[in-house]
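Shown next, in structure tokens, is the structure this report addresses.
The values are calculated or read from the model by the stated rules, or taken from the named source; none is laboratory data. These figures come from a predicted structure and were not determined experimentally. No Cβ is skipped: glycine too gets one built from the backbone with ideal geometry, and neighbour counts run over all protein chains shown. Side chains included, ligands, DNA and RNA excluded: accessible areas come from the protein's heavy atoms. Shrake-Rupley method; radii C 1.70, N 1.55, O 1.52, S 1.80 Å.
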Amino acid sequence: AMLDPDRGLSLTIARVVQRLQGSSLHSQLERQARVSLHKPEIKLESLKEDIKEFLKISGWEKKLQNAVYSELNVFPSPCHPAAPPEHIKEPLAYMRKAQGSWEKRILKSLNSMCTELNIPLAQKRPVNEQKELLNKWNEMGTDEPDLSLFRPVYAPKDFLEVLMNLRNPNYENGEQPSFRNHLGLIQVPLKVKDIPELKEDFSELGLNIGQLGIDDAAQVPPEFFENEHVRVGQKVLAEQDSAAAQQYVRQGCPTALRADLWALILNISNQPEDILYYEQLKSNVIQHDLLVDSLIYKDVKLTASNDDYYFVFEDYLYQVLLCFSRDTSVLEHFTYSSATPPKSYIQGKLGMEEYAVFYPPNGVIPFHGFSMYVAPLCFLYHEPSKLYQIFREMYVRFFFRLHSISSHPSGIVSLCLLFETLLQTHLPQLFYHLREIGAQPLRISFKWMVRAFSGYLATDQLLLLWDRILGYNSLEILAVLAASVFAFRAVNLMEVTSLAAAEAVLADLSTLKVMPLLQIFLFATVT
């Protein structure tokens, strides 16, 4: 049910106020206001105005603005007050049900691994092991434990199979009027954007607008645009305004400013209390041994450690991912995610709620390739607690949507459908050809999208892509890029006669330039 704008606005304000009241920003503001009472320029007769003015001049008003902006970016717009909480998680019942049964499968896989290997989900580490782990915290990669018996709980292709079987029960035997002619693997009727709508949404990527990541823009010499763009970027940073930073990065981030701009957009300032919190997570890792630790370890070994760009960050990845699994603040994102954190029961107390704990503590079971969400961030942040906070914020804003079943426009189901619809509409010959030879395009592009292209593109190109994810607060660009890659390699793909051959044509994306591909596809395709 839609709300009238005023009602929606007042609900939003109430929610933001409630969320900020418990924050450390709130107590800092109170402290600053108290401090200001002793200043000569604060007069009793104009107390309220004077304090406001003081908070503005001293930069606290900006901090409050950024916190509000951050809340608005993360949380969905409010539902009707009478709407049940599960509607905030996911409005469509069949999607909630599918996500629920997928979670059961994952848990079953995890539990059977426990039983097979005879390892508990969690146990306290003996003191000597704790010491050892603490000593090698910065070089965990040198360890070579035997992980041959551990297997990823699931891989993207298992997840794709689940998505292919999704159906809306209200449309038995495919009687969906406009949808009947969709010939892709995804068979649920969600509304996705067409090229004219995407052009409008991504207007800043237009051909006549300066872009970082385009070397030969005809209009202005690239170095002229770059120098000017750097100057504007420095101004945006000096202003410390999250909303301005978000608008700015739509045209790409200068390399030297990217780390600071992303932190500003995500409202991460790495305060002493944040560093302390990270240290607490670390001590939790030192004290307790979780089964997911071995899954994280194995995933890093299978993915990042074999990657030409990322193998150097192996130790950072262990630190961030192990701490992440212990972080109960991540549980908050389940209020607006279709997923539900898995529960585990203390031995012998199965089904008794008072003996239930979330497992892992953050509610997120890593899958094959999960560590690739962190790897690119290691290029930008070298201080572990800052790297950690940036990753956590990227996860609760974006990445969780890539491995949960929902109808959200940035959710993986919508991205798959958007990708297939773009190809079927704008490259019909290619689409039908690949379909005929049993090489459905989504079978190839799914893994790119689930990983947000991490590990597939060259890092400089990946960061230009992630600039736009942050700039537009949306993952839709992943589907557009996936379609652009197929368009770019269309001539070669028209000649293949098998899935294996099609995969070979698209096996190496490391030479691709993201921005020209997106521009050509969005703004030079005849619609």
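For region 256-276, the tally of residues that are in contact (Cβ under 8 Å) with a residue 24 or more places away in the chain and either farther than 22 Å from Tyr388 by Cβ or not in a loop (DSSP other than H, G, I, E, B) (or both) stands at 11.
Just one of the numbered conditions (1) more than 17 Å from the chain's Cα centre (by Cα); (2) farther than 19 Å from Leu212 by Cβ is not true of Met449: (1). Given the condition of a type outside the set (Asp, Glu), out of contact with any Lys or Arg (no Cβ under 8 Å at 6 or more places or on another chain) and open to solvent by 10 Å² or more (accessible area, probe 1.4 Å), answer yes or no: does some residue in region 460-467 qualify? Looking for residues that are of a type outside the set (Asp, Glu), out of contact with any Lys or Arg (no Cβ under 8 Å at 6 or more places or on another chain) and open to solvent by 10 Å² or more (accessible area, probe 1.4 Å), one finds at least one in region 460-467, hence yes.
Consider region 296-313 and keep the residues that are open to solvent by less than 70 Å² (accessible area, probe 1.4 Å) and more than 20 Å from the chain's Cα centre (by Cα). The one that is nearest to Tyr154 (Cα to Cα) is Lys298.
Does region 191-201 contain any residue that is open to solvent by 70 Å² or more (accessible area, probe 1.4 Å) and at pLDDT below 90? Checked against the condition, which is being open to solvent by 70 Å² or more (accessible area, probe 1.4 Å) and at pLDDT below 90, region 191-201 yields no hits at all.
State yes or no: is Ile51 at pLDDT below 75, part of a helix (DSSP H, G or I) and surrounded by 13 or more Cβ atoms within 10 Å (Cβ to Cβ)?
Here the answer is yes, as Ile51 does meet what is asked.
Residues satisfying the criterion are present in region 84-94 (criterion: charged (D, E, K, R) and either at pLDDT 90 or above or surrounded by 15 or more Cβ atoms within 10 Å (Cβ to Cβ) (or both)). The condition (being modelled with pLDDT under 95, assigned to a helix (DSSP H, G or I), more than 30 Å from Gly141 (Cα to Cα) and outside the structural domain of Ser305 (by the TED database)) is satisfied by just one residue among Thr425, Thr421: Thr425.
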